[in-house]
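S.K.: Handing you this structure, nothing more for now.
The values are calculated or read from the model by the stated rules, or taken from the named source; none is laboratory data. No experiment lies behind these values; they were computed from the predicted model shown. Backbone-built Cβ (ideal geometry, glycine too); neighbour counts: all protein chains shown. SASA here: full protein model, heavy atoms, side chains in, ligands and nucleic acids out. Shrake-Rupley method; radii C 1.70, N 1.55, O 1.52, S 1.80 Å.
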Amino acid sequence: MSIDFTPWQRTAHGANLLDPAGRPRVTIFEEITGLANKYNALNLGQGFPDTEGPDAIRQIALDSIIEGANQYAPGSGIPSLRQSIATHQERFYGLSLDPETQVVVTTGATEAIAAAILAFVEPGDEVVTFEPYYDSYAAMIGLANAKHKVVQLELPDFQPDLAKLRATMTDKTRMIVLNNPHNPTGSVFGEDVLNEIIKLAHQHDCIILSDEVYEHLTFGVSHVPVATLPGGFERTITISSAGKSFSFTGWKVGWASGPENLITAVRTVKQFLTYSSGPAFQPAVAKALELPDEFFQQFAGSLGQTCALLADSLEQSGIPVFRPRGTYFLVADARQLGYDDATDLARMLPERLGVAAIPMSVFVHPENRQSYSSLLRFAFCKKESVIIEAAQRLRGLPELAR
Ligand code: PMP
Ligand code: GLN
């Protein structure tokens, strides 16, 4: 008897895991990085930095391996890391957390997102995100058999229309997923947006999942966690990760924090996803979270500079840019080059210009494909010399006009 693949097909279709030809899809990050490697292109696609995180922090991970941190860590994370996460939340945001009950360490922010959605969302529930959205939200909402509803961010500053947000959230909304600062647009939401989310979460009795992995990467504005605003903490699972703040994206150490009843649920599900995460990386991340303020300021400052370099150069080539206020990413518009859908351009760029970028349409519901379709996302978390070279190569963009 052959294996019946119908359930997998149904699941994969529901969670948009298949490409238009019905084949299992690799993520756009994997695809574009593959093209960048194939053509030896500068990879401004997948968001990872090309410089290492601090030496002293890497040394702790190295020493930990030698000293024997090689067997399972406690499921909720080693105590010193949970303590450091709590101290970090107090130091930067004045949030007081019990590291025993209100913090859980996860395998990257990705696992925290998955565990939170699986814990709280039932088949048929509605989950609201802004659009464009980070790809793992849609996949997890789909895998939970829930209904994904979106509120589109409005150009040019990628903020939501609050009336549309109000109209989208209903009593069926179980969760709203907020990502602030926002990937892929680089926008930072104002307190008016955050307060409205809190108000609506109370009104419709739903949970806020706040993905703040870019919390330290803002340019000229400060990050306000939704959990710090009145009424926010009690309904919010706040997620972050060592990947973006410390340039260790491959370590996959993340965490969730919030009220005990929410974190208990996340931790309980997380046990059966990975049980526990990298024991040698955890003491290193614990120390990284204690780095002085200057570390965080300098890193954001240098990212702001590479961002400006790339943005200026694209604009000089006649490509409109939406300047971000945070994250690793800026968005540019290829419409004037004749690309209503920048997907073709993104697939062509590594070979033709030796630069890789991500088409915005992959962060959008398939039925909304037309929205944002002419936009491209460029990652500027690269050495200045790489950004200068990429900017130079991108001056060839007008030659690809059609
Ligand atoms: N959320 C957002 C918005 C991201 O951009 C990313 C990628 N770093 C993640 C979650 C996943 O983070 P991690 O690599 O820690 O799983
Ligand atoms: N967060 C990274 C980005 O948006 C990619 C992570 C991944 O490859 N899944 O580029």
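S.K.: Can you find, among Ala163, Phe189, Ala242, the residue sitting farthest towards the positive end of the charge dipole of the stretch 154-243, where Lys and Arg contribute +1 and Asp and Glu -1 at Cβ?
M.R.: Looking along the dipole axis, the top candidate is Ala163.
S.K.: Same structure again: Quick one: grab the alpha carbon gyration tensor of the stretch 261-390, order the square roots of its eigenvalues as a ≥ b ≥ c, and give me rounded if a/c is under 1.5, else prolate or oblate depending on whether a/b is larger than b/c.
M.R.: Details: a/c = 2.52, a/b = 1.47, b/c = 1.71.
Oblate shape, in that a/c is at least 1.5 and b/c is the bigger or equal ratio.
S.K.: A further question on this structure: Quick one: grab the alpha carbon gyration tensor of the stretch 229-285, order the square roots of its eigenvalues as a ≥ b ≥ c, and give me rounded if a/c is under 1.5, else prolate or oblate depending on whether a/b is larger than b/c. Walk me through the numbers on the way to the answer.
M.R.: On the way: a/c = 2.97, a/b = 1.43, b/c = 2.08.
Oblate.
S.K.: So what is the accessible area of the chain per residue, in Å², with the probe set to 1.4 Å? Write out the running numbers ahead of the final one.
M.R.: Working: 16890 Å² over 402 residues.
Per residue, the chain has 42 Å² of solvent-accessible surface.
S.K.: Based on Cβ point charges of +1 for Lys and Arg and -1 for Asp and Glu, what charge dipole magnitude is obtained for the chain about its Cα centre, in debye rounded to the nearest 20? List each step's numbers first, then the result.
M.R.: Numbers: 32 positive and 45 negative charges, 140 e Å.
About 680 debye.
S.K.: Hey, which of these cross-link pairs are over 25 Å Cα-Cα: Lys147/Lys382; Lys199/Lys270; Lys270/Lys383; Lys252/Lys382? Spell out each step's value before the answer.
M.R.: Numbers: Lys147/Lys382 37 Å; Lys199/Lys270 29 Å; Lys270/Lys383 35 Å; Lys252/Lys382 20 Å.
Too far apart for the 25 Å limit: Lys147/Lys382; Lys199/Lys270; Lys270/Lys383.
S.K.: Given the stretch 238-328 reduced to its alpha-carbon atoms as identical point scatterers, what log10 I(q)/I(0) does the Debye formula return at q = 0.16, 0.19, 0.25, 0.26 Å⁻¹?
M.R.: -0.83, -0.98, -1.27, -1.31
S.K.: Right, here's the next one. How big is the antiparallel share of DSSP beta bridges in the stretch 121-218, given as a percent to the nearest 5? Show your work: numbers first, answer last.
M.R.: Values: 2 of 17 bridges.
Percentage antiparallel, nearest 5: 10.
S.K.: Around Val362, what is the net charge, scoring Lys/Arg as +1 and Asp/Glu as -1 over all other residues with Cβ under 12 Å from its Cβ?
M.R.: That works out to -2.
S.K.: While we're looking at this one, here's another question. First select every other residue whose beta carbon is under 13 angstrom from the beta carbon of Gln59; then total the charges, Lys and Arg +1, Asp and Glu -1. Can you show the working numbers first?
M.R.: Values: positive: Arg58, Lys287; negative: Glu52, Asp55, Asp63, Glu67.
Local charge sum for Gln59: -2.
S.K.: Tally Lys and Arg at +1 and Asp and Glu at -1 over the other residues with C-beta under 12 Å from the C-beta of Gln203: what net charge comes out?
M.R.: Working: positive: Arg166, Lys199, Arg235; negative: Asp171, Glu196, Asp205.
After counting each charged neighbour, the total is 0.
S.K.: Just to be sure I understand the curve: with the Debye formula and one point per C-alpha of the stretch 3-61, what is log10 I(q)/I(0) at q = 0.13 Å⁻¹?
M.R.: Each listed q corresponds, in turn, to -0.60.
S.K.: Round to a whole number: what % of the accessible area of the chain belongs to carbon and sulfur, probe 1.4 Å? Working shown, then result.
M.R.: Details: 8790 of 16890 Å².
With neighbouring chains kept in place, the figure for the chain is 52 percent.
S.K.: Could I ask something else about it? List the GluC sites (Glu not before Pro) within the stretch 87-138 that DSSP assigns to loop and that have no more than 13 neighbouring Cβ atoms inside 10 Å. Write out the running numbers ahead of the final one.
M.R.: Numbers: sites: Glu90, Glu100, Glu111, Glu126; in loops: Glu100.
Within the stretch 87-138, the qualifying GluC sites (Glu not before Pro) (loop, at most 13 other Cβ atoms within 10 Å) are Glu100.
S.K.: Further question on the same structure: So what is Rg over Rh here for the chain, counting just Cα atoms and using Kirkwood for Rh?
M.R.: Working: Rg = 20.7 Å, Rh = 21.7 Å.
That ratio is 0.96, to two decimals.
S.K.: Another question, if that's okay. Share of antiparallel DSSP beta bridges in the chain, in percent to the nearest 5? Mind dumping the intermediate values first?
M.R.: Numbers: 22 of 43 bridges.
Taking every DSSP beta bridge within the chain, about 50 percent pair in antiparallel fashion.
S.K.: Between Lys38, Lys199, Lys270, find the one with the highest GNM mean-square fluctuation for the chain; connect C-alpha pairs within less than 10 Å.
M.R.: The residue that fluctuates most here is Lys38.
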